[in-house]
Amino acid sequence: MSSFNNLFDLKRRNGFVYQDSIARIVFAPDLGARVFCEINGVLLHRIDIENVRMPIRSFNNYGGNNFWPAPEGGQFGFNYDSNTWYVQPAINNEPFFLESQNQNSARAIKETVLVNRNGIKIHTVLRRDFTIAPLSKIIEELQPIAAFSYTVDDSIAIKNNIRIEEALLACWSLEQFVASDSTMSFAKVDNPQGSINFDFYDDPRNKIEYGENGFFYKTDSKQRGQIGIKNDSSAAFIGFYDRNRGLLCIREVVGQTEGLYFNIADNAQPKGPFSAEDNYSIFNGDEGLGFFELETIGGAQVLDGYLKGSRLISKTSFALFDNVKPLEHFIRNIKLGSGVANRSKVAINS
């Protein structure tokens, strides 16, 4: 039995499952409200099914599309106990609960306490709404053999009084995929050379090629690295294609409250928590990990110096093709630059 079939059978009992003639989807509240998808029998997300069966690791990294509190590092990081990286139980083990569902949507919610690196306890209500969404126009125009879109509406409400001098908190959606030599990520953004924040633990400039209206990032999980895309760059979307599988994915921030953006990075942040302000991020693993991530990031809602919460709505679209020509057309159409488009065309056909 495939890992997705196994997951689908496991979670139809205590999660939300969706199935039509094209797609199968699992929304699993007890796995951190993650989303996992399949299209025409093609698995789209990374799944660690053994970890699903036995969730006892210090970091239960199941895969899928994950709801994560930002920041990870820095003085307000949620993933550090002093100088030791760890995933606290409120994130790693505590389940969401399926509050409601209908044919095309579901809501998961949990109330928990998050503790940051300074020991500040933040009483929160975390909510994730999953919804099948209309196809993006850019996908429809490519006429794929199969396609679908969904949104996740992530929100955090803070119940106690926390000043921004004590903590920062925002929604962060990390979507995880299996990497290979045929997976290439990209971003559609004006002024691409000025749009990227490299203030992360490893600098992957050698994996990036710029075009006129965007850039490519070779996310093959052979060199760990991460970038952010600055919020004020107004990126249209990020995504990836897999030339061997004829697969295209696009992620878009489609709704978010105005808020305070800050450095989400897993590093010491020597220039302070506001040294970066990103609303997209792309992570590339190393060979020991075997995956990459496309990430969207919200801002913190602040009133009179107090944290109130955060909200982020992200749309993910998948399209499957039976040949590489639509992918080539897409690369040309988003106008990342002639040099990059030609390079990517060679990569697709190789």
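Only the coordinates and a few stated rules stand behind these numbers; no lab work does. It should be emphasised that the depicted structure is a prediction, and the values quoted were computed from it without experimental measurement. Reconstructed Cβ throughout: ideal geometry from the backbone, glycine too, with neighbour counts over all protein chains shown.
Odds and ends about this structure:
- Stretching the chain fully between Ser100 and Val42 yields a gain of 18.1 nm (0.36 nm per residue, less the alpha carbon separation).
- Gaussian network model of the chain, Cα within-10 Å springs - most flexible of Arg57, Arg46, Arg245: Arg57
- The ranking of Ser182, Ser155 from fewest to most other beta carbons within 10 Å of each one's beta carbon is Ser182, Ser155.
- MRE, 222 nm, helices only [DSSP H, n ≥ 4, -39500 (n - 2.57), over the chain, to nearest 500]: -3500 deg cm²/dmol
- Gained length - Arg163 relative to Asn206, 0.36 nm times residue gap less alpha-carbon distance: 11.5 nm
- Kirkwood hydrodynamic radius (C-alpha pairs) into Stokes-Einstein, the range 69-349, 37 °C and 0.692 mPa s, D in µm²/s: 168 µm²/s
- Pairs spanning more than 29 Å between alpha-carbon atoms, out of Lys222/Lys315; Lys11/Lys121; Lys159/Lys188; Lys207/Lys315; Lys137/Lys271; Lys11/Lys218: Lys11/Lys121; Lys159/Lys188; Lys137/Lys271; Lys11/Lys218.
- Rounded FRET efficiency, nearest 0.05, which uses the C-beta distance separating Asp304 from Asn5 and R0 of 45 Å: 0.30
- Shown here for the range 1-107: chymotrypsin sites (Phe, Trp or Tyr not before Pro) in loop regions (DSSP other than H, G, I, E, B) with at most 13 other Cβ atoms within 10 Å, namely Phe59.
- The chain: DSSP helices with Cα axial extent of at least 30 Å and average Kyte-Doolittle hydropathy no lower than 1.0: none
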